[in-house]
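Novice: The structure is given below, and queries will be raised subsequently.
The values are calculated or read from the model by the stated rules, or taken from the named source; none is laboratory data. Just so we're clear, the structure is a prediction, and the values are computed from it rather than from any experiment. Heads up, the Cβs are rebuilt from the backbone with ideal geometry, glycines too, and the neighbour counts pull from every protein chain shown. Surface areas here come from the heavy atoms of the whole protein model, side chains and all, with no ligands, DNA or RNA. Shrake-Rupley method; radii C 1.70, N 1.55, O 1.52, S 1.80 Å.
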Amino acid sequence: MSIELGISTFGETTPLEKTGHAISHDQRIRDLVDEIVLADKVGIDGFAIGEHHRKDFAVSAPEIVLAMAASKTKQIHLSSATTNLPTIDPIRVYEQYATMDAIAPGRIEIMAGRGSFTEAFDLFGYNLEDYDDLFKEKLDMLVKINQDEILDWPGGKFTPKVDHKGIYPRPNKPLPISLATGGNINSTIRAAEMGLPIVYATIGGKIDSFKPLTQLYRAVGEKTGHKDLPIAAHAWGWLNQDKDKAIRDYFYPTKLLVDAISKERDHWNGMTYEQYLEGVKDDGGIFAGDSDTVAQKIINMIETLGLSRFYLHIPVASMPHEDILNAIRIYGTEVVPKVKKHFQEKDEKKKLFSIKWKKK
C-alpha cells in the first residue's frame, strides 16, 4: 500500500496570538515559499495551496506561489487546494499548470473544487445561484482539455464554443486532476463517475463520519467502471515536540478561524475550548500533538477511510513562521517515516501470509 503524506495551507494572515498583529500578505507569501522548500528537504511527498480572495488569506493565485516553489524544489509534488473552477477559465487553468509542469515535470497537480468561500463570485461577476452548474461545466471542459491536444468544445451556458483549437503547452502526459470537496454527496458521485481521484476536507466532527462518503465513492466508481480510485483527505493539525504545548498553542488560531467563519455561515458556531478538545481526541478531526500522537491518528484515519493520501493543514490560521518551520520539520522527519513504516510492515505481513497460505 503506497501512502503519500503532504501538507496543505491557505497562506493564512490572521492576527498572531502573541502580538495581536497579522503578518503582511507579501511576507506570508515569502514565508510560504520557504516552508515548501523545507518540506521538500525533509522528505514530505506533497504541498497543496488553496485559492482565496479575502484579507485573512494571502494566496489568491496559488499557481504563482507553486511556480516559485517548483523552481526551488527537487521532488515534492505541488498542487492547488483548491483551484476554484466556477470563477476561473479552464483553458487558463490548464495552460498555467502545464507551464509549471515544464519546470517540475510530473510534480504538478490540479485539485479542482467549487470553493467553500464565495467572495470570488461577486468579484469576478458570477451569479452564486449558478454555483454547482458552473463547476460541472467547467470541470468537464478542463478534463477534456487535459485529454485532447486539439480541443473541440460545443460551448455551454458558461464556456465558449471552441472549434478545433490547440491548447498549449502540453506536458509529456496528462496532468493529474483531482476533485476536492468538503463532503458533498453530489461531488462524491460526480468524481466517481468521472474516474477522478477525490480529496475530502475532513473539518470538524469525527474521523469515521466520512466513511459513508468514501464507501459511496467506491461503490459508484465500481458501478461506472472506475475501480481502485484513490481517496485523499486533509485535516487541520499542528505539531510540537511537546504534545501539551502543541494542543495549547493550536487552540487560539483554530478558534479564531472557526469563530470568523461562524459569522458568515449559518450552520457554523463559535468554538469553545471543550469542543476543541473533543476534536483533538483520538477519533476527532483535529490532529494536534507530538509526532507519536499525530502519526497514530493519521494511521487510524488512513485505515478507517481507506486513504492513499493525507494532507495535514499547517496552520489553520496564522502561527509564527519559525513555529511553522518546526512543525514541518517534525512532520517530515518523524511523522512521515512512522506512518510509512507502519504500512510497509503491514504490507510485508500480508505478503508473508499470502505466501504461507499458497504453500498450504
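Novice: To the nearest whole percent, what portion of all C-alpha pairs in region 217-278 is separated by more than 16 angstrom? Spell out each step's value before the answer.
Specialist: Details: 1186 of 1891 pairs.
Result for the distance tail: 63 percent.
Novice: Treating each Cα of region 1-147 as an identical point scatterer and ignoring solvent, apply the Debye formula and state log10 I(q)/I(0) at q = 0.12, 0.15, 0.22 Å⁻¹.
Specialist: -0.52, -0.80, -1.37
Novice: Is the C-alpha gyration tensor of region 69-178 telling us rounded, prolate or oblate? Criteria: a/c under 1.5 is rounded; beyond that, a/b larger than b/c is prolate, otherwise oblate.
Specialist: Working: a/c = 2.49, a/b = 1.30, b/c = 1.92.
In terms of gyration-tensor shape, oblate.
Novice: Quote to one decimal, in nm, the extra length available between ARG92 and GLU129 on full extension: 0.36 nm per residue of separation minus the C-alpha distance between them.
Specialist: Full-extension gain reported as 11.0 nm.
Novice: Same structure, new question: List, largest first, the extents of the alpha carbons of region 200-249 along their principal axes, each in whole Å.
Specialist: That works out to 48, 18, 12 Å along the principal axes.
Novice: What translational diffusion coefficient, in µm²/s and rounded to a whole number, does the Stokes-Einstein relation yield for region 222-339 at 20 °C and a viscosity of 1.002 mPa s, taking the hydrodynamic radius as the Kirkwood radius over Cα pairs? List each step's numbers first, then the result.
Specialist: On the way: Rh = 15.2 Å.
Translational diffusion coefficient: 141 µm²/s.
Novice: I'd like the antiparallel share, as a percent to the nearest 5, of DSSP beta bridges with both residues in region 1-107.
Specialist: 20 percent
Novice: Could you check the spin-label model distance between ASP347 and THR19? Points 7 Å from the Cα along Cα→Cβ, value in nm.
Specialist: Spacing of the two 7 Å Cα→Cβ label points: 4.4 nm.
Novice: Translational diffusion coefficient, Stokes-Einstein: compute it for region 283-333 using the Kirkwood radius over C-alpha pairs as Rh, at 37 °C and 0.692 mPa s, and state it as an integer in µm² s⁻¹. All intermediate terms of the calculation are to be shown ahead of the outcome.
Specialist: Numbers: Rh = 11.9 Å.
Answer from the Stokes-Einstein relation: 275 µm²/s.
Novice: Give, in whole angstrom and from largest to smallest, the semi-axes √(5λ) of the equivalent ellipsoid of the chain, with λ running over the eigenvalues of the Cα gyration tensor.
Specialist: 30, 27, 21
Novice: At 1.4 Å probe radius, can you tell me the per residue accessible area of region 36-77 in Å²?
Specialist: On the way: 1630 Å² over 42 residues.
For region 36-77, the solvent-accessible area averages 39 Å² per residue.
Novice: Here is a further query. What's the extension gain from GLU264 to LYS72 if we count 0.36 nm per residue and subtract their Cα-Cα distance? Write down the numbers at each step before the final one.
Specialist: Details: separation 192, 0.36 × 192 = 69.12 nm, distance 3.74 nm.
Going from the current span to full extension adds 65.4 nm.
Novice: Would you please give the residues with an amide H less than 5 Å from that of GLU12, counting only those at least 5 places away or on a separate chain, with H modeled from the backbone geometry?
Specialist: Hits under the 5 Å cutoff: ALA58.
Novice: Now for a separate question. From largest to smallest, what semi-axes in whole angstrom does region 8-59 give when each is the square root of 5 times an eigenvalue of its alpha carbon gyration tensor?
Specialist: 21, 13, 9
Novice: Defining a contact as two alpha carbons under 8 Å apart and six or more residues distant in sequence, what relative contact order in percent does the chain show? Present the calculation step by step, with values, prior to reporting the outcome.
Specialist: Values: 659 pairs, mean separation 67.8, N = 360.
In percent, rounded to a whole number, it is 19.
Novice: Across the Cα atoms of region 138-291, what radius of gyration and what greatest pairwise Cα-Cα distance (Dmax) are found, in Å?
Specialist: My reading of the Cα-based Rg and Dmax gives 20.2, 60 Å.
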